[in-house]
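Accompanying notes for the structure given below.
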Amino acid sequence: MLARMGWLQPGANGALITVSASGEGLDATMRAVTLRHEIAHGAFYTVPAYRAYTRRFWQALPESERAGFIAFLDQQGYDTASETLMYNEMQAYLVFTQDRRFFNAQVVNLSDMRLEALRASFLNGMPDFWLRDLATQPVPLAAISICPDALTGNPA
Ligand SMILES: [Zn+2]
């Protein structure tokens, strides 16, 4: 399939991402958030201007804030010796992992207010391309989490 798509040709530009199947402990919202996280990695690898922007954003962070991300990523099992991996994951978690079960201010030792300020700053300077919409659109709710009575206004 990769050969048919031309991805094995010299100079080909593409990224293959995967997402877990739904199942116990992984609801539809979690899958949607995971997919956005992985799509952000796809953009990182295929859009050089985005990769360069992410690197500059990372390098402009205060040392203590980079350390917070690195400590979190270390706990998650990432190879912290790779700075590229650190800022690639930083952008994917900071902007595209909007689910407190996966990522929140406390895990990177920031206040909620500072984390929101970092997200806003990242988005403000981010190159304007298709990925931006995924950063700003609400995450779809899991159908199973929607109570029919909540939709009709009828009391449960
Ligand atoms: Zn990731």
Completion exercise
From DSSP H assignment alone, runs of 4+ in the chain each adding -39500 (n - 2.57), the sum over residues rounded to the nearest 500 puts [θ] at 222 nm at -16500 deg cm²/dmol
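How would TRP58, TRP7 rank on accessible area, largest to smallest, probe 1.4 Å?
Largest to smallest exposure gives the sequence TRP7, TRP58.
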Practice task
Give, as ranges by residue number, the residues of the stretch 51-81 whose backbone N falls under 16 Å from the point 7 Å along Cα→Cβ of SER111.
Solution key: 65
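Averaged across orientations, what area in nm² does the convex hull of the alpha carbons in the stretch 9-103 project?
7.2
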Practice task
Could you tell me what percent of the accessible area of the chain is made up of carbon and sulfur, with a 1.4 Å probe and every protein chain present?
Solution key: 55
Problem - Probe 1.4 Å, protein heavy atoms only - accessible area per residue of the stretch 42-101 in square angstrom - result: 47
Fill in the blank from the handout: Computed about the Cα centre, the charge dipole of the stretch 27-136 from +1 Lys/Arg and -1 Asp/Glu charges at the Cβ has a magnitude in debye, to the nearest 20, of 180
Practice task
Net charge near LEU73: determine it from the other residues with C-beta under 10 Å of the C-beta of LEU73, scoring Lys and Arg +1 and Asp and Glu -1.
Solution key: -3
Practice task
Subtract the Cα-Cα distance of THR136 and THR46 from 0.36 nm times their separation in residues, and report this length gain in nm to one decimal.
Solution key: 30.4 nm
Problem - Contour minus Cα-Cα distance for VAL19 and ASN124 (0.36 nm per residue) - result: 35.0 nm
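The values are calculated or read from the model by the stated rules, or taken from the named source; none is laboratory data. Keep in mind the model is a prediction, meaning the values are calculated, not measured. We place every Cβ from the backbone using ideal geometry, glycine too, and count neighbours over all the protein chains shown. Side chains are part of the model used for accessible areas, which takes the heavy atoms of the whole protein and leaves out ligands, DNA and RNA. Shrake-Rupley method; radii C 1.70, N 1.55, O 1.52, S 1.80 Å.
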